[in-house]
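K.L.:
The structure under discussion is supplied below as structure tokens; questions concerning it will follow.
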Amino acid sequence: MVGAFIDWLIALLKSVEFWKITAPALVAIGVWYFSERAKLVWEQHKRKEESYKNLISCSRGFYANSNDKDLQDEFIHQVSLSWLYAPDDVIRKAYAFLEGVHVGSTKTENERRDLLRAFVHAVRKDILSRRPLTETSLTEKDFRHLMSR
């Protein structure tokens, strides 16, 4: 019984008619898979780009001549949401910037600008990479619940 099945399977795999149907079907499945994967990566990239635009826009709340509490709160909120899509470097630089602008910080205005520049540079590198987030070294202890000043 098993031997007959194996003989039938071998004959099927050697059959030209079988491969005339199977090969195009396998190619179609492969094309479909990679097409859907590319669409998913593109959609993730667009969502990430919109989130980063909002995040950078809200950073205006920390400028010396602004101190807009609503923008600061929104920036902090967006940093928390960035845990869903941003790589570790972006999150760490966002937290470093927030520490630099926090009340009681001894950072100079130039140092604060440098922290913001480093954060925006990390965002730019992530956007230009167009790679989806697949791994992280951050742990739950790295997450911070922050509030504006």
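The values are calculated or read from the model by the stated rules, or taken from the named source; none is laboratory data. Just so you know, these numbers come straight off a predicted model, no measurement behind them. Ideal geometry is used to build each Cβ from the backbone, glycine not excepted, and the neighbour counts take in all protein chains shown.
K.L.:
Of the conditions (1) touching a Gly at 6+ places or on another chain (Cβ under 7 Å); (2) under 19 Å from HIS145 (Cα atoms), GLU74 fails just one. Which one is it?
P.N.:
(1)
K.L.:
Okay, moving on. Please state which one of VAL123, VAL41 is surrounded by 15 or more Cβ atoms within 10 Å (Cβ to Cβ) and either among the charged types (D, E, K, R) or part of a helix (DSSP H, G or I) (or both). Write out each step before concluding.
P.N.:
Values: VAL41 fails: surrounded by 15 or more Cβ atoms within 10 Å (Cβ to Cβ).
Sole residue among the options that is surrounded by 15 or more Cβ atoms within 10 Å (Cβ to Cβ) and either among the charged types (D, E, K, R) or part of a helix (DSSP H, G or I) (or both): VAL123.
K.L.:
Pick out the one residue from ILE10, ILE6, ILE56 that is of a type in the set (A, V, I, L, M) and within 28 Å of ASN110 (Cα to Cα).
P.N.:
Working: ILE10 fails: within 28 Å of ASN110 (Cα to Cα); ILE6 fails: within 28 Å of ASN110 (Cα to Cα).
Exactly one of ILE10, ILE6, ILE56 is of a type in the set (A, V, I, L, M) and within 28 Å of ASN110 (Cα to Cα), namely ILE56.
K.L.:
Looking at this structure, is GLU36 surrounded by fewer than 10 Cβ atoms within 10 Å (Cβ to Cβ) and part of a helix (DSSP H, G or I)?
P.N.:
Details: surrounded by fewer than 10 Cβ atoms within 10 Å (Cβ to Cβ): no; part of a helix (DSSP H, G or I): yes.
No: the conditions fail for GLU36.
K.L.:
Among what's in the range 94-120 and is surrounded by 11 or more Cβ atoms within 10 Å (Cβ to Cβ) and β-branched (Val, Ile, Thr), pick the residue that is farthest from the chain's Cα centre (by Cα).
P.N.:
So, considering only residues that are surrounded by 11 or more Cβ atoms within 10 Å (Cβ to Cβ) and β-branched (Val, Ile, Thr), the one farthest from the chain's Cα centre (by Cα) is VAL101.
K.L.:
So which residues in the range 136-149 are surrounded by 12 or more Cβ atoms within 10 Å (Cβ to Cβ) and small (Gly, Ala, Ser)?
P.N.:
SER148
K.L.:
Could you figure out which of (1) over 22 Å from ASP73 (Cα atoms); (2) aliphatic (A, V, I, L, M); (3) loosely packed, with under 12 Cβ neighbours inside 10 Å; (4) modelled with pLDDT under 90 isn't true of LEU133?
P.N.:
In the conditions (1) over 22 Å from ASP73 (Cα atoms); (2) aliphatic (A, V, I, L, M); (3) loosely packed, with under 12 Cβ neighbours inside 10 Å; (4) modelled with pLDDT under 90, LEU133 misses (3) alone.
K.L.:
Regarding the range 66-74, can at least one residue be identified that is at pLDDT 95 or above, over 19 Å from the mean Cα position of the chain (by Cα) and in a helix (DSSP H, G or I)?
P.N.:
Pass one, the range 66-74, residues at pLDDT 95 or above: none.
No; the residues of the range 66-74 include none that is at pLDDT 95 or above, over 19 Å from the mean Cα position of the chain (by Cα) and in a helix (DSSP H, G or I).
K.L.:
Continuing with this model, one more query. Only one of these conditions is not met by GLU50: (1) part of a loop (DSSP other than H, G, I, E, B); (2) under 15 Å from the mean Cα position of the chain (by Cα); (3) exposed (fewer than 11 other Cβ atoms within 10 Å of the Cβ); (4) of a type outside the set (Val, Ile, Thr). Which number is it?
P.N.:
(1)
K.L.:
Here's a follow-up. Which condition from (1) closer than 19 Å to ASP126 by Cβ; (2) touching a residue at least 60 places away in the same chain (Cβ under 8 Å); (3) of a type in the set (A, V, I, L, M) is the one that ALA96 breaks?
P.N.:
(2)
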